[in-house]
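Below is one structure; the comments refer to it alone.
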Amino acid sequence: MRVRRSTWILIGILAILVGVSMLAPVLAPYEPNAIDMSRIQEGPSAAHWLGTDNLGRDVLSRVMYGGRQSMLLAVIATSCSLLLGMTVGVVAGYFGGFIDTCLTIVSNIFQGLPGTTLMIAIAGIMGGGIDSLLLSLVLTSWVSFSRLARGETMAVCGENFIEGERSVGAGSFRIIVRNVLPNIIGNLAVVFTTRVGRAVLSVASLSFLGLGLQPPTPDWGVMISDARGMFRSSPLLVIAPGACIFVLSMCVNLLGDALRDYMDVRSDAGFDK
Amino acid sequence: MGGEDIQIRHLTVKFPAREGWSVAVDDISLDLPSGQITGLVGESGSGKSVLGMSILQLLGASAKVEGECWYEGKNLYRAKEKELEKIRGGQIALIPQNPNQSLNPTMRLGRQLREVLRLHGNRTGEQGRQYVLDLLRELGMDRPEQIGRSYSFEMSGGMNQRVVSAMGLCGEPQWMIADEPTKGLDAVLRRQVYHVLKEISENRIRSMLLITHDLQLAWKLCGRICVLYSGVLVEQGGGSELFRNPLHPYTRGLFESLPAKGMHPIPAPVREKGEGCMFYNRCPLAKERCGRERPGEYQPEQGRIVRCFLYA
Amino acid sequence: MLEVRELTKTYGSLFGGKRFTAVDHVSFSLARGKTLGFAGKSGCGKSTVARMVLRLIPSDGGEVLFHGTDLNRLSQRQLIPWRKRMQIVFQNPEGSLDPSRKVLDSLMSPLAVHRWGNRGERLERIEQMASLTYLSTELFSRYPHQLSGGEAQRVVLCRALLLEPELLVLDEATSMLDMSVQAQTMSMLREIRQKLGLTCIFIGHDLDVLRWFCDDLIVMHQGRIIEQGPVEEVLTHPKAERTRAMVESFYNWE
């Protein structure tokens with residue numbers, strides 16, 4: 001399978017973003033939370049490439065650190081959603097009938113709730129913090145996995161090969177693990193990628209609203225929130241973390257799209273059919 | 001009703017494969033004479049659909065088409081998308097493979113027919129309606145007035161075939177290409193499709209290209225038959241002569257494998273494929289020369305062309 | 001060997017209403033080594049009968065006696081040892097193989113389900129059956145979409161034979177294949193049937209194929225058996241009006 005050059009560029013940008021975040025403790029020129037009251041809201045200089053914020057903290061170092069938690073949280077939350085949604089969806093799709101009806105009703109309820117509002121409500125009720133952030137992310141995104149998994153499972157189960165497995169006497173668990181999951185995992189992976197991109201945005205917005213990660217954690221959302229009053233005097237304080245969020249979520253989303261393209265091509269299948 | 005002949009010259013179609021190209025149609029030159037049904041017969045992988053679809057440039061973007069296809073003084077392979085749009089449906093209609101899937105299940109059939117009329121026909125309103133009704137009646141539908149409010153899934157495959165055919169005929173084309181019209185149908189439907197095509201060829205469009213693997217259908221309908229084997233045109237001839245006396249070893253094998261003839265299979269490859277004839281590795285009559293050299297086109301009888309050294 | 005009595009299947013909506021009878025009190029018996037054909041229009045219930053015989057779908061009444069045991073009374077667990085004694089091959093060869101798994105993997109699966117031997121023995125058995133179905137071992141490492149229709153159908157057949165079934169159900173097994181491939185597959189099937197002494201149920205709509213392969217024939221219409229008897233007899237001297245029409249429309253197109 002040939003990978004297009006644009007995809008390699010995406011992967012490259014993502015690798016840089018992730019790599020810099022992971023190696024932030026080594027790469028960052030300053031401690032992200034080191035306050036230096038002598039240099040407040042300075043512009044870019046040789047010492048501080050992106051300037052300093054209202055507490056004299058180095059913006060470049062904070063931006064480098066700022067993706068660590070949102071990325072990690074986004075991946076963890078989306079993985080939990082995937083596990084939950086996939087289990088529910090596959091069970092509903094495979095067994096059908098009453099189980100399916102119940103699970104579909106539950107999914108529909110969650111589907112009907114407005115995502116962002118629900119997230120704000122959960123985070124608001126439970127207070128800010130990582131656990132409430134995780135919970136609200138999972139609760140608002142598992143449905144997209146369960147719906148997809150259910151549909152895909154039903155489609156796969158309509159194929160003869162599942163009937164063939166059953167006719168040799170294979171049990172449900174064996175069929176699900178060995179025949180259903182491998183055939184639906186590709187499409188789920190596509191949604192997973194797209195969802196990670198969205199979760200990054202959600203973490204940032206919740207943090208911006210003060211419901212997610214809390215200051216002084218160096219986080220892009222928190223940084224934008226902190227700096228929103230200073231946009232006129234030092235625009236870099238907002239632009240730098242904002243650009244990072246933008247590039248990260250865009251790259252992840254585009255990668256998801258690219259993944260989808262590779263998934264549904266059986267490129268060397270017969271042509272005269 | 002006449003239209004002109006379609007002349008295909010040195011057509012080669014390739015698709016990108018894992019390594020290099022896979023050749024679906026290999027240097028085929030062929031005349032499709034107007035005024036009769038030409039059958040393009042072969043099995044899956046023979047390139048018959050690719051050849052048929054190439055005429056209307058309906059192959060995917062990945063296909064590489066070389067050669068020429070002349071129709072009314074134009075080379076269709078070089079034609080602009082705008083011109084092609086006019087030709088498709090307007091001059092050459094395509095009846096697609098699966099009638100049930102070619103109709104929109106969420107739209108009533110009447111509306112779909114009106115849409116096609118609006119796009120292609122020169123008739124509007126009541127006149128157009130009457131024209132379509134006549135068409136459907138001609139195709140053997142008893143009460144065509146009633147289908148307007150139905151959906152495709154409420155109808156049998158044979159009925160949908162008639163509707164799709166009527167759609168193809170709305171623009172009063174000169175040519176029609178029918179792609180595998182009987183694939184996967186049971187005996188009853190297959191007979192219905194046969195009657196629809198026969199009806200069309202007798203009363204509406206005499207020039208037709210029938211792409212099929214269904215030898216019986218080809219035999220019943222076609223004035224001329226071309227047999228394809230792995231992208232190569234192995235035999236051409238008049239319909240009844242070809243069936244009475246097939247010349248190429250592959251054609252013979254194909255006929256022998258018909259259920260009515262006792263299903264004697266063509267042998268599995270018995271030797272390595274050579275540089276020469278495509279059928280060399282399975283041919284019961286192969287000579288040493290067949291593995292080395294590609295046979296040219298020979299003409300043992302008037303109107304028959306065969307690519308085999310047996311007739312050199 | 002197989003005796004089916006008053007087998008019935010109805011479909012209805014969840015909330016009652018008029019139920020649709022797909023299979024209506026079908027009875028027949030099949031002796032060891034014989035092949036029984038099913039003919040009829042698409043949707044006449046012939047595939048449903050086959051699936052009920054194998055208990056791939058539950059029936060709504062009637063008995064399926066296999067060697068005297070009523071399969072309808074067995075639980076799924078009790079059914080497992082019976083499963084390997086009967087196998088089915090479907091119409092659509094590509095859909096009958098898991099697209100995400102290589103051919104060898106798909107072939108291993110029935111043996112693994114029944115905990116048959118160790119890996120070496122399994123491989124040996126697969127190779128044995130592969131040679132019977134003219135499958136080259138080169139195909140083992142391919143994925144289903146890299147196979148031609150005929151090759152895929154031979155893989156499916158090989159897989160069905162691995163567990164040494166006594167009863168093989170062929171549900172329109174060759175109707176999607178090209179003429180020459182169908183001829184190849186059918187002659188192979190006839191050869192295998194004879195070698196292994198298989199009992200077969202063959203569902204099809206090509207009367208010539210049915211005539212060529214079957215001993216007896218059942219003609220169904222709207223869920224009911226309208227005629228049954230020796231295949232030659234039924235097709236040359238049809239008694240029921242619909243059978244006559246079917247034979248007529250198959251051989252005479254005008």
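Buried on complex formation within the stretch C:183-205 (loss of at least 40 square angstrom of accessible surface versus the isolated chain, 1.4 Å probe, ligands and nucleic acids ignored): C:Ala183, C:Gln184, C:His205. A simple count of charges around C:Arg51, restricted to other residues whose Cβ falls under 14 Å of its Cβ and scoring Lys, Arg +1 and Asp, Glu -1, yields +1. Look at the dipole of the stretch C:2-251 built from charges on Cβ: of C:Ala173, C:Val156, C:Ser100, the Cα furthest out on the positive end belongs to C:Ser100.
On association of chains A and C, roughly 2000 Å² of accessible area becomes buried (total for both chains; probe 1.4 Å). For the stretch B:174-238, GluC sites (Glu not before Pro) are listed when DSSP marks them as loop and at most 15 other Cβ atoms sit within 10 Å of their Cβ; the list is empty. Of the complete DSSP H runs in chain A, those spanning 24 angstrom or more by Cα along the long axis with a mean Kyte-Doolittle score not below -1.0 are A:5-22, A:59-95, A:130-157, A:181-208, A:236-263.
Per-residue 3J(HN,Hα) values for the stretch C:197-209, derived from phi via the Karplus relation 6.51 cos²θ - 1.76 cosθ + 1.60 with θ = phi - 60°, read x, 6, 9, 10, 10, 10, 9, x, 10, 8, 5, 5, 5 Hz in sequence order (x marks Gly and Pro). Measuring heavy-atom accessible area with a 1.4 angstrom probe and counting protein chains only, the residues of the stretch B:1-33 that give up at least 50 Å² relative to the chain alone are B:Arg18.
The stretch C:33-81 and the stretch A:120-134 have their alpha-carbon centroids 56 Å apart.
What's the ranking of A:229-237, B:58-66, B:160-168, A:201-209 by average number of surrounding C-beta atoms within 10 Å, highest first?
Peptide ranking by packing, descending: B:160-168, A:201-209, A:229-237, B:58-66.
Annotation for B:Ser29 and B:Glu301: the two label points, set 7 Å from Cα along the Cα-Cβ direction, are 2.4 nm apart. Dipole orientation for the stretch B:160-240: of the candidates B:Gly237, B:Thr182, B:Leu221, B:Leu221 has the Cα lying most toward the positive pole (charges on Cβ; Lys, Arg +1; Asp, Glu -1). Averaged per residue, the stretch B:92-172 has 52 square angstrom of accessible surface, using a 1.4 angstrom probe with ligands and nucleic acids left out.
For chain A, averaging the sequence separation of C-alpha pairs within contact (under 8 Å, six or more residues apart) and dividing by the residue count gives a relative contact order of 22 percent. Report which residues of the stretch C:225-254 become buried by 20 Å² or more of accessible surface when going from the isolated chain to the complete set of protein chains (1.4 Å probe; DNA, RNA and ligands ignored). Buried by 20 Å² or more upon assembly, which counts only protein chains, are C:Ser249, C:Phe250, C:Trp253, C:Glu254. With each label modelled as a point 7 angstrom along the Cα→C-beta vector, the A:Asn108-B:Ser150 pair spans 3.2 nm. Measuring nothing but protein heavy atoms, the accessible surface of chain B at 1.4 Å probe radius is 47 percent carbon and sulfur.
Take the accessible area of chain A alone and of chain B alone, subtract that of the pair, and you get about 700 Å² summed over both chains, using a 1.4 Å probe. Carbon-plus-sulfur accessible fraction, the stretch C:120-185 (probe radius 1.4 Å, protein heavy atoms only): 45%. Using Cβ point charges alone (K and R +1, D and E -1), the dipole size of chain B about the Cα centre works out to roughly 360 debye. Only Cα pairs under 8 Å and 6+ residues apart enter the sum, and on that basis the relative contact order of the stretch B:92-172 stands at 50 percent. Any idea what log10 I(q)/I(0) is at q = 0.04, 0.07, 0.10 Å⁻¹ for the protein assembly as shown, Debye with uniform C-alpha scatterers and no solvent? Once normalised to I(0) and log-transformed, intensities are -0.25, -0.71, -1.20.
Considering only alpha-carbon pairs that sit under 8 angstrom and 6 or more positions apart, the relative contact order computed for chain B is 20 percent.
The residues of the stretch C:2-251 have, on average, 43 Å² of accessible surface per residue, using a 1.4 Å probe with all protein chains present.
Kirkwood hydrodynamic radius computed over the stretch B:7-143 comes to 17.5 Å, based on all pairs of distinct alpha carbons.
Most simply put, chain B has about 55% antiparallel DSSP beta bridges, counting only bridges with both residues inside it.
Taking the 1.4 Å solvent-accessible surface of chain A as the whole, the part contributed by carbon and sulfur is 67%.
Averaged per residue, the stretch A:1-145 has 53 square angstrom of accessible surface, using a 1.4 angstrom probe with ligands and nucleic acids left out.
Of the residues A:Pro218, A:Pro44, A:Pro182, the one that moves most in a GNM of chain A with alpha-carbon contacts below 10 Å is A:Pro182. Note on chain C: GNM, Cα springs under 10 Å; of C:Arg154, C:Arg55, C:Arg119, the largest mean-square fluctuation is that of C:Arg119. The trypsin sites (Lys or Arg not before Pro) of the stretch B:206-298 meeting both criteria, a DSSP state outside H, G, I, E and B (loop) and at most 15 other C-beta atoms within 10 angstrom of the site's C-beta, are B:Arg271, B:Lys273, B:Lys287. Using a Gaussian network model of chain A in which every pair of alpha carbons under 10 angstrom is joined by a spring, one finds that among A:Met119, A:Met154, A:Met223 the greatest mean-square fluctuation is at A:Met154. Computed from protein heavy atoms with a 1.4 Å probe, the total accessible area buried between B and C is close to 2300 Å². Around the Cα centre of the protein assembly as shown, unit charges on the Cβ atoms of Lys, Arg, Asp and Glu (plus for the first two, minus for the last two) sum to a dipole of about 660 debye.
For the stretch C:183-254, trypsin sites (Lys or Arg not before Pro) meeting the loop criterion (DSSP other than H, G, I, E, B) and having at most 15 other Cβ atoms within 10 Å: C:Lys239. Partners of B:Lys183 within straight-line reach, counting lysines whose Cα lies under 21 Å from its Cα and excluding those fewer than 8 residues away in the same chain: A:Lys273, B:Lys48, B:Lys198, B:Lys220, B:Lys261, C:Lys41, C:Lys46.
Under the simplified labelling scheme, the B:Glu272-A:Met126 pair shows an inter-label distance of 6.8 nm, with each label point 7 Å from Cα along Cα→Cβ. If only the Cβ of Lys and Arg carry +1 and only the Cβ of Asp and Glu carry -1, the dipole of the stretch A:198-268 around its Cα centre is close to 280 debye. Answer with one residue from B:Pro16, B:Tyr77, B:Ser44: the one whose Cα lies farthest towards the positive end of the charge dipole of the stretch B:1-92, charges on Cβ with Lys, Arg +1 and Asp, Glu -1. Checking the options against the dipole of the stretch B:1-92, the answer is B:Pro16. What shape does the stretch B:92-172 have by the C-alpha gyration tensor, where a ≥ b ≥ c are the square roots of the eigenvalues, rounded means a/c under 1.5, and otherwise prolate means a/b greater than b/c and oblate the rest? It is rounded, given that a/c, with a ≥ b ≥ c, falls under 1.5.
The values are calculated or read from the model by the stated rules, or taken from the named source; none is laboratory data. Predicted, not measured: the structure shown is a model, and the values here were computed from it. Cβ sites come from the backbone with ideal geometry, for glycine too, and all protein chains shown count toward neighbours. Keep in mind that these areas ignore ligands, DNA and RNA; they rest on the heavy atoms of the full protein, side chains included. Shrake-Rupley method; radii C 1.70, N 1.55, O 1.52, S 1.80 Å.
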